[in-house]
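These notes are about the structure you will find just below.
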Amino acid sequence: MNPKLKTALIHSSLFIVTFITTTLAGAEWTTGKSILVSGYTWADFYSGLPYSICFLSILTAHEFGHYFTAIYHRVRTSLPYYIPLPPIPLMFGTLGALIRLKQRVSSTRENFDIGIAGPLAGFVVSLGFLFYGFTHLPPPEYIFQIHPEYEQFGLDYANYVYQVGFLPEGTANVFLGKNLLFLFFENFIADPARVPNIHEIIHYPFLFAGFLSLVFTSINLLPIGQLDGGHVLYGLVGHKWHRRIATVIFVGFLFYAGLGYVHPKDGLNVLIYEIPLFIGFHYLAMRGLALPQRDTWMYAIGLFVIQYGIVSLFPNVVGYPGWLLFAFIIGRFVGIQHPPSQDETPLSPGRIILGVIALLIFVICFTPNPLEIVQAVGTSQVSGL
């Protein structure tokens, strides 16, 4: 088979499969109906299209922002590889997409341009979908189409249905955190009477897909290592200061993610193995700091001691354990430091302005606790991720 045709088939097949899996995921988030349950219809599948189109459009804009900028700088690169996820309950249908640079980028300016182009392109498209979603909200009664059991309480349902004991056993109650940009749209763009309850945003596909896109944009813009935000930070401050700032941000990110994950309330029988395992996790994640082994163990133990001390004094102060996986991936695979560039020519004033804008986008898009799932168990509810 012609190599170019083979490559085209791989990329197009991955996109088609990802389009299907995100549509299936969108249908489940929007209507609560899964293809794994009998009675699934084409109408149910079609209900997932708004989520799928919105999410994949933003994802595609992000990746082609990288792609076309790489082409502009004559850096050989692949087309985007879309990563589908099977229709597992409470999944997003995809792990995202990536392009593969086929040669090293030697210039700080080229690294900066390629790194920043993706998040900026995806962010602009996100703004468009969020604006549309918030200016075309359905009437509040729309939620009764998804949850007819709420209708008995009228529009005052929020005071009743989220109470312990209302949800049937095994039901998952999902609610989202908020970031600054989402709060702006809610308070200044949307009709206040139509803004959905925080527990129900998952049933509004443009809002939910737009929110997820902001979360992923903020992850990409973390000013660490060779993430997009790491390239931006490196271009702005250079190798020495990137190393310092990225280290502080990574340790802070790991600290917040693990705060309260091991808690005194777990009891001695659990803590006796939880503590060494969690310290070991910190050690593995912090290997990305490229410190001597002894120093890495020292920092891992010290970080845990501070975390445990804080939750011992303030039991209700906890972080967001959902970030632990990302912290581990960054520390072990992405890396925390940025390798030096062969060409360290400083950025132009225009690029510096764009870099500052990108870091501001990170701030307004970052959500400390983006997604929480509360599982109903009998007459109680158990929080999880």
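The values are calculated or read from the model by the stated rules, or taken from the named source; none is laboratory data. Quick caveat: nothing in here was measured; it's all calculated off a predicted structure. With ideal geometry, Cβ positions are generated from the backbone for all residues, glycine too; neighbour counts draw on all protein chains shown.
Counting only helices (runs of 4 or more DSSP H) that sit completely within the range 1-120, those holding 3 or more residues that are more than 21 Å from V215 (Cα to Cα) and either in contact (Cβ under 8 Å) with a residue 60 or more places away in the chain or hydroxyl-bearing (S, T, Y) (or both) correspond to 3-31, 49-72. I'd like to know if the range 84-106 contains one or more residues that are among the basic types (K, R), modelled with pLDDT under 95 and more than 30 Å from V17 (Cβ to Cβ). Checking the range 84-106: at least one residue is among the basic types (K, R), modelled with pLDDT under 95 and more than 30 Å from V17 (Cβ to Cβ). Out of I272, I329, one residue alone is within 23 Å of F216 (Cα to Cα), in a helix (DSSP H, G or I) and free of Cβ contacts under 8 Å to residues at least 12 places away in the same chain. It is I329.
Table: residues versus (1) under 30 Å from H147 (Cα atoms); (2) in contact with a Ser or Thr (Cβ under 9 Å, 6 or more places away or on another chain); (3) surrounded by fewer than 18 Cβ atoms within 10 Å (Cβ to Cβ).
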site	(1), (2), (3)
N2	no, no, yes
S12	no, no, yes
W29	yes, no, no
W42	yes, no, yes
L49	yes, yes, yes
F68	no, no, yes
I71	no, yes, yes
A97	no, yes, no
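Residues of the range 267-285 that are loosely packed, with under 13 Cβ neighbours inside 10 Å and either over 14 Å from V305 (Cα atoms) or hydroxyl-bearing (S, T, Y) (or both): G267, L268, N269, V270, I272, Y273.
So that you can scan it fast, the table gives a plain yes or no per residue for (1) in a loop (DSSP other than H, G, I, E, B); (2) in contact (Cβ under 8 Å) with a residue 40 or more places away in the chain; (3) not aliphatic (A, V, I, L, M):
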| residue | (1), (2), (3) |
| --- | --- |
| Y234 | no, yes, yes |
| V251 | no, yes, no |
| F255 | no, yes, yes |
| H282 | no, no, yes |
| Q307 | no, yes, yes |
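Residues in the range 291-305 that are within 26 Å of the chain's Cα centre (by Cα) and touching a residue at least 40 places away in the same chain (Cβ under 8 Å) were compared, and the one that is nearest to G252 (Cα to Cα) is L303.
Would you mind finding the one in G230, G225 that is crowded, with 21+ Cβ neighbours inside 10 Å, small (G, A, S) and assigned to a loop (DSSP other than H, G, I, E, B)? The conditions single out G225.
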